[in-house]
Amino acid sequence: MLKIENLKAGVEGKEILKGLNLQVKPGQVHAIMGPNGSGKSTLAYVLAGRDGYEVSGGSVTFDGHDVTEMSPEERAAAGIFLAMQYPVEIPGVANSYFLRQALNAIKKARGEPEVSAAAFMKLLREKAAVVGVREDLLKRDVNFGFSGGEKKRNEILQLAVLEPKLAILDETDSGLDIDALRTVAEGVNRLRSPERSFIVITHYQRLLDYIVPDVVHIQAHGQIQRSGGKELAGELEEKGYDAMIGAVAA
Amino acid sequence: MSAATLPVSPRPPAARRPQAFVEPISSFAEAFLAQAGRLNGATELGDLRRRRFERFKALGFPNQRAERWHYTNAARFLNRPWHPAAAAELGSAMVTPYLAGGSRARRLIFVNGRPAASLSHVQGLPPGVIFKSIGRVLAEEPAAFKALLDQDREDDGLTALNAAFADNGAWIDIPAGVKLEVPLQLLFLTTVEAGPTPMTHPRVRIKLGAGAELRLIETHVTLGQSKGLTNLVGTVEIGKGASLTHDRLQLLSEGACFVGQLAIDLEAEAKLKQTIATLGGEFVRNEMDARLKGNAIDCLLNGVYMPVGTEHVDTAIRVHHLAPGSHSNQFYKGVINDRSHAVFQGKIFVEKPAQQTNAFQQNNNLLLSDDAEIDTKPELEIYADDVKCSHGATVGDHDPMELFYLRSRGLDRATAESMLTYAFAAEVFERFSDVPLKLLARRMAFERLPGGSALQGML
Ligand SMILES: Nc1ncnc2c1ncn2[C@@H]1O[C@H](COP(=O)(O)OP(=O)(O)OP(=O)(O)O)[C@@H](O)[C@H]1O
Ligand SMILES: [Mg+2]
């Protein structure tokens, strides 16, 4: 479903991804771990099409299509979703309204009928219950004044409503307390399906105890340095990056 | 927001060069001659009005060389052949969309400058509360109105022009200790029947005794693309520990000009929360002079302006900290589009006794077109040494990260941009105390946004 080959990309003339390879099959969960500044968020932004993130080499194909020239909204319509490390606050725009606009924009782009306000509210309540978002947050403005944890849960709510084929979670676990982590992870697990893939970027093994990955990658210096099963995360927790990546580099 | 203690800066000379003012065209004298005998209180105030008209002629209209103006040639907008507005009847259906404050609110509604008794509702307020038109004040106790005019500033032509013609407006008195539960609304409407070039000169006088509370809503509307000049002068006195929230919404047509000056005096522990939204008008000037005369005052001035086309909107604020330990905050935002021009001049004075002052000011602007112009000039003048003051101004485009966030959720660029523009302004709408007014402001804001009609579902 997602095939990244020798991807070179950067921002403001600085190359950050230096020949990155990654393949994600339908239904798989891939975890990416790696030191600060290794380019994990950059990869996420490049996949989602953020302005200013230039691809200078290699390829990204999603369902067989080259996505590198697509706008962020086209990628959203194609089924790519990024839960951001720092979700943006939008005062003045109600959460529920925003999500309905987003869902209908995606449906419209796909040539599907739009969802009525009433039907949407029903859907939204169901999804909010699944991912543990309190109802009052639906009426509030998007992320505005939300706590760090509430923002992260709200990202997962958006994921649940928009039902992408590929969901990228950039440090969704950071800032969550232990209970919130469990609810968010349970939400994600309920959204797992044979058609939906996940890339989970995290610094902590703990999240991967809840969302059990099929593959774990260690990213450093703009490349995937090592890949393995879920036990790689535990090994990393134990030994630290220096030992793990050093071993590869040596 | 960064806080900084700023060094003492010298007070600039009170320069007023003659060329900073423009002599009024003859139509003003003709209008005064025709009108003076017909104004409410003509007998009692005749002499005073004549003197004020002479003062107006001597002072004239300011242009950019005048110190308080600087970025606006007021004479260009104001020195035109205006004529006193003609009276008109208005059905209640025309007024309904602009009613605010809820069903229990008391209202004074002015049509073309005159109170419309059939539309207004001022009865049933607690004993001691006065809420009436200046027309009635002139009929019942003209001396009180005269005393008000006696306090006018002497250096301002527009104030003098107002004094020469003013025979209506609102008189509000909330006695000490009265916490008025129902809001009061002042609704000023101009209709096409007022004539092609009508002018009105409303006075607003508001007084809150110690510990009193008032929620005031002030709405200015031009109906059916009516044109005209509104030259408003207001005085606001907020007594010790009293609290005023003042929402002002301006919905003016392309041919409408508005100049409004408010002199606001606050005593110790008083609270003011003012929020102004300017959504239309060929030329709108909102001027506020707040004097913080005691300690523990909280003075919050919010505003948003969204000019389009060739509209010109000018905000001039002066906050004077005269006593120690008070707090003021100016929070203004602008969305400036097309070939419009916005001006924000905000000045904070901290006088020598006003130690432990906290005074802040922020003016953020979204410039949506290459041809639009914003002049923002935050200023501090500080004579006390133990103060916390900061000011800041930004002019920019949409935050790329915010735009990306919305687009990554599937919204196209145009929709994402109009949603962000709306959200930018909405931060100020949210500060309106009155919910119906807030909803009206939101709805009217959509009409000023590129692609805004697609957002109507947001309400
Ligand atoms: N706009 C930019 N201009 C220049 N350098 C940038 C820019 N954005 C990111 N970088 C740099 O790119 C590198 C990778 O950043 P990125 O945010 O992708 O790292 P990360 O792996 O997500 O780190 P973390 O674990 O801290 O979230 C960093 O060195 C960062 O400073
Ligand atoms: Mg990151």
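So what are chain B's ellipsoid semi-axes, whole angstrom, largest first, if each one is the square root of 5 times an eigenvalue of the alpha-carbon gyration tensor? Mind dumping the intermediate values first?
On the way: eigenvalues 201, 146, 115 Å².
Working from the Cα gyration tensor, I get semi-axes of 32, 27, 24 Å.
Peptides B:283-292, B:145-154 ordered by packing proxy, namely the average of other Cβ atoms within 10 Å per residue, highest first: B:283-292, B:145-154. Inter-part distance, the range B:389-459 to the range B:236-286, computed on C-alpha centroids, equals 23 Å. Per residue of peptide B:423-430, the mean number of Cβ atoms on other chains within 10 Å of the residue Cβ is 4.
For the peptide A:71-83, the mean number of other protein chain Cβ atoms found within 10 angstrom of a residue's Cβ is 4. Among A:1-8, B:405-412, the peptide with the highest mean count of other Cβ atoms within 10 Å heads the list, and the full ranking is B:405-412, A:1-8. Sorting A:58-65, B:315-322 by their mean Cβ neighbour count within 10 Å, with the most densely packed peptide first, gives B:315-322, A:58-65.
Quick one: putting +1 on the C-beta of Lys and Arg, -1 on the C-beta of Asp and Glu, what dipole do you get for chain A around its Cα centre, in Debye to the nearest 20?
Details: 30 positive and 34 negative charges, 98 e Å.
Result for chain A is approximately 480 debye, rounded to the nearest 20.
On full extension of the chain, what length is gained from residue B:369 through residue B:118, given 0.36 nm per residue of separation minus the C-alpha to C-alpha distance?
Working: separation 251, 0.36 × 251 = 90.36 nm, distance 4.46 nm.
Computed gain between residue B:369 and residue B:118 is 85.9 nm.
Each of B:371, A:170 was scored by other Cβ atoms within 10 Å of its Cβ. Arranged with the fewest first, they read B:371, A:170. In whole percents, the pair-distance distribution calculated for the range A:1-148 from its alpha-carbon pairs, binned every 10 Å from zero, is 10, 32, 33, 22, 4.
When both bridge partners sit in the protein assembly as shown, DSSP labels roughly 20% of those beta bridges antiparallel.
I need B:95, B:435, A:200 ordered by Cβ neighbour count within 10 Å, fewest first. Don't jump to the answer; show the numbers that get you there.
Details: B:95 19, B:435 11, A:200 24.
The most exposed by this proxy come first: B:435, B:95, A:200.
Across all Cα pairs in the range A:2-249, the calculated P(r) in 5 Å bins from zero up to the longest distance comes to 1, 6, 13, 18, 20, 17, 13, 8, 3, 1, 0, 0 percent per bin.
Our helix-only sum for the protein assembly as shown, with -39,500 (n - 2.57) per DSSP H run of n ≥ 4 divided by its residues, gives a mean residue ellipticity at 222 nm of -8500 deg cm²/dmol. Modelled spin labels at residue A:210 and residue B:136, positioned 7 Å past Cα toward Cβ, are 6.3 nm from each other.
Which ordering of B:370, B:167 is given by a fewest-first count of other beta-carbon atoms within 10 Å?
Working: B:370 7, B:167 24.
Ranking B:370, B:167 by Cβ neighbours within 10 Å, fewest first, gives B:370, B:167.
If contacts are Cα pairs under 8 angstrom and at least 6 residues apart, what is the relative contact order of chain B in percent? Computed value for chain B: 12 percent relative contact order. Placing R0 at 45 angstrom, the Cβ-Cβ distance between residue B:146 and residue B:103 gives a FRET efficiency of 0.75 after rounding to 0.05. Using Cβ point charges alone (K and R +1, D and E -1), the dipole size of the range B:360-459 about the Cα centre works out to roughly 640 debye. Using only alpha carbons, the range A:183-250 has a radius of gyration to Kirkwood radius ratio (Rg to Rh) of 1.01.
FRET efficiency for the residue B:443 to residue A:239 pair, using the beta carbon distance and R₀ = 60 Å, is estimated at 0.50. Taken as entire DSSP H runs, the helices of chain B that both span 20 Å or more between Cα atoms along their own long axis and average -0.5 or more on the Kyte-Doolittle scale are B:413-429. Axis angle, to the nearest 10 degrees, between helix A:95-109 and the longest C-alpha principal axis of chain A: 70 degrees.
Helix A:178-191 axis versus longest C-alpha principal axis of chain A: approximately 80°, rounded to the nearest ten. For the segment A:92-99, counting C-beta atoms of other chains within 10 Å of every residue's C-beta and taking the mean gives 5. One equal scatterer on each Cα of the protein assembly as shown, no solvent, Debye formula: the resulting log10 I(q)/I(0) at q = 0.06 Å⁻¹ is -0.45.
Please figure out what share of the DSSP beta bridges in chain B is antiparallel and state it in percent, rounded to the nearest 5. Intermediate values should be presented prior to the final figure.
Numbers: 10 of 143 bridges.
Here the antiparallel bridges make up roughly 5 percent for chain B.
Take every Cα-Cα pair in the range B:68-120 and report what % of them are more than 12 Å apart. All intermediate terms of the calculation are to be shown ahead of the outcome.
Working: 1026 of 1378 pairs.
The calculated P(r) of the range B:68-120 puts 74 percent of pairs beyond 12 Å.
Rounded to the nearest 10 degrees, what's the angle between the helix A:148-162 long axis and the longest principal axis of chain A, both from Cα atoms, 0 to 90? For helix A:148-162, the angle is close to 80 degrees.
The base-10 log of I(q)/I(0) for the range B:233-363, evaluated at q = 0.17 Å⁻¹, reads -0.82 [Debye formula, identical scatterers on Cα atoms, solvent excluded]. In percent, rounded to a whole number, the relative contact order of the range B:104-194 is 50, using alpha-carbon pairs under 8 Å and six or more apart. Anything over 23 Å Cα to Cα? Flag those among B:240/B:438; A:165/A:239; B:57/B:146; A:107/A:165, in the order listed. Table pairs above 23 Å Cα-Cα are B:240/B:438; A:165/A:239. Translational diffusion of the range B:399-459 was estimated from the Stokes-Einstein equation, with Rh taken as the Kirkwood radius over Cα pairs; at 37 °C and 0.692 mPa s the coefficient is 273 µm²/s. The charge dipole of the range B:3-397, taken about its Cα centre with unit charges on the Cβ atoms of Lys, Arg (+1), Asp and Glu (-1) only, comes to about 600 debye.
Each reported figure results from applying straightforward, stated rules to the coordinates on display, with no laboratory input. This one's a predicted model, so the numbers in the text were calculated from it and none came from an experiment. Note: ideal-geometry Cβ built from the backbone for every residue, glycine included; neighbour counts use all protein chains shown.
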